[in-house]
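We did not get these values from a lab; they are worked out from the coordinates using the rules stated. Everything numeric here is computed off the predicted structure, so don't read it as measured data. Glycine also receives a Cβ, built like all others from the backbone with ideal geometry; neighbour counts cover every protein chain displayed.
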Amino acid sequence: MAYILFTLSVLLVMGFVGFSSKPSPIYGGLALIISGVVGCVIVLNCGGVYMGLMMFLVYLGGMMVVFGYTTAMAIEEYPETWGSGLEVLGGLLVGLMMEVMLVLWVLSLDEAVVVVVGFSDTGDWVIFEGEGSGLIRGDSIGAGALYDYGRWLVVVAGWTLFVGVYVVIEIVRGN
Amino acid sequence: RSHLVASLLCLEGMMMSLFIMATLIASNTHFPLVNIMPIILLVFAACETAVGLALLISISNTYGLDYVHNLNLLQC
């Protein structure tokens, strides 16, 4: 499919409208997970394989799971879905209508959405030293440079996570 | 009658869109070192999510539900 990136970005905005129209948190979490999957596929389409994997593991696998059971623990009532109240449905319809109008306007322009077929942005770097020829992916090498040029940043981030866990324990302990 | 966790979900959506934008900039400008930025953004967004959820839990322990109109200690 030629216009895959355009379609995926439209689906991403629709997913964002799904949770920003503020249904009950369970349905908002579901819309965020769907938006996360679509966003990961967008990243994969532009050659960022390692970044997509990071997003799936850390974001969807870690943070959304924590969101899911925290929401299940802190909320007890009758959840309102997108079709139950007028405000949520109105917000959803307004958001979707704005997105449809934007898509129609973009498609009516001449050269805004074109099919770019080029082999210069697939993202592989070919190296020719050593024995034979090798292949490196740009994004995993770039993220690996975090531990080379960004040693101090790794130490600061690790210390921040440790202090964050301590802050969470102190907040939840209360009194 | 809006929940506090809806604002946390919108914050997560903002962090995710920032991550996607930074990754696409890194891939389209062929500048691999910029890939450090989305990874570090994910780390600090995880910290922020954890603290936000801890505050949500303490609010839910105090008031029973996390409705925003429960947070009315300052009344002018």
Practice item. Only residues of the range A:4-44 count here: report those whose backbone N is under 17 Å from the spot 7 Å along Cα→Cβ of A:L107, or say none. Key: A:4-14
Check your understanding: What chymotrypsin sites (Phe, Trp or Tyr not before Pro) in the range A:1-87 are in a loop by DSSP, with at most 13 other Cβ atoms within 10 Å of the Cβ?
Key -> A:Y3
Review point. Which whole-Hz couplings ³J(HN,Hα) result when phi for each residue of the range A:50-57 is put into the Karplus expression 6.51 cos²θ - 1.76 cosθ + 1.60, θ = phi - 60°, listed in order with x for Gly and Pro?
Key: 5, 5, x, 5, 4, 5, 5, 5
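Within 14 Å, Cβ to Cβ, of B:S2, how many net charges do the neighbouring residues add up to if Lys/Arg are +1 and Asp/Glu are -1?
Values: positive: A:K22, B:R1; negative: A:E77, A:E80, A:E87, B:D66.
Net charge around B:S2: -2.
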Check your understanding: Can you list the HN-Hα couplings for the range B:18-32, worked out from phi with the Karplus curve (6.51, -1.76, 1.60; θ = phi - 60°), rounded to whole Hz and with x for Gly and Pro?
Key -> 5, 4, 5, 5, 5, 5, 5, 5, 5, 7, 7, 8, 6, 10, x
Point to revise | Ranking of A:T7, A:T71 by count of other Cβ atoms within 10 Å, fewest first | key: A:T7, A:T71
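Suppose every K and R has +1 on its Cβ and every D and E has -1 on its Cβ; what is the size of the dipole of the protein assembly as shown about the Cα centre, in Debye to the nearest 20?
Details: 5 positive and 17 negative charges, 93 e Å.
The dipole of the protein assembly as shown has a size of about 440 debye.
Run through every distinct alpha carbon pair of the range A:7-94 and return the Kirkwood hydrodynamic radius in angstroms, one decimal place.
Details: mean 1/r = 0.0721 Å⁻¹.
Every distinct Cα pair counted, the radius reaches 13.9 Å.
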Point to revise | Relative compactness, the protein assembly as shown, computed as alpha-carbon Rg over 2.2 N^0.38 Å | key: 1.17
Check your understanding: Taking Rh as the Kirkwood radius computed over C-alpha pairs, what is the Stokes-Einstein D of the range B:4-63 at 20 °C in a medium of viscosity 1.002 mPa s, expressed in µm² per second?
Key -> 168 µm²/s
Review point. So, in nm, how far is label A:V94 from label A:V167 when the simple model puts each one 7 Å beyond its Cα toward the Cβ?
Key: 3.3 nm
Check your understanding: Of A:T160, B:Q75, A:W105, which is farthest on the positive side of the dipole of the protein assembly as shown, counting Cα position, with +1 on Lys and Arg Cβ, -1 on Asp and Glu Cβ, and the Cα centre as origin?
Key -> B:Q75
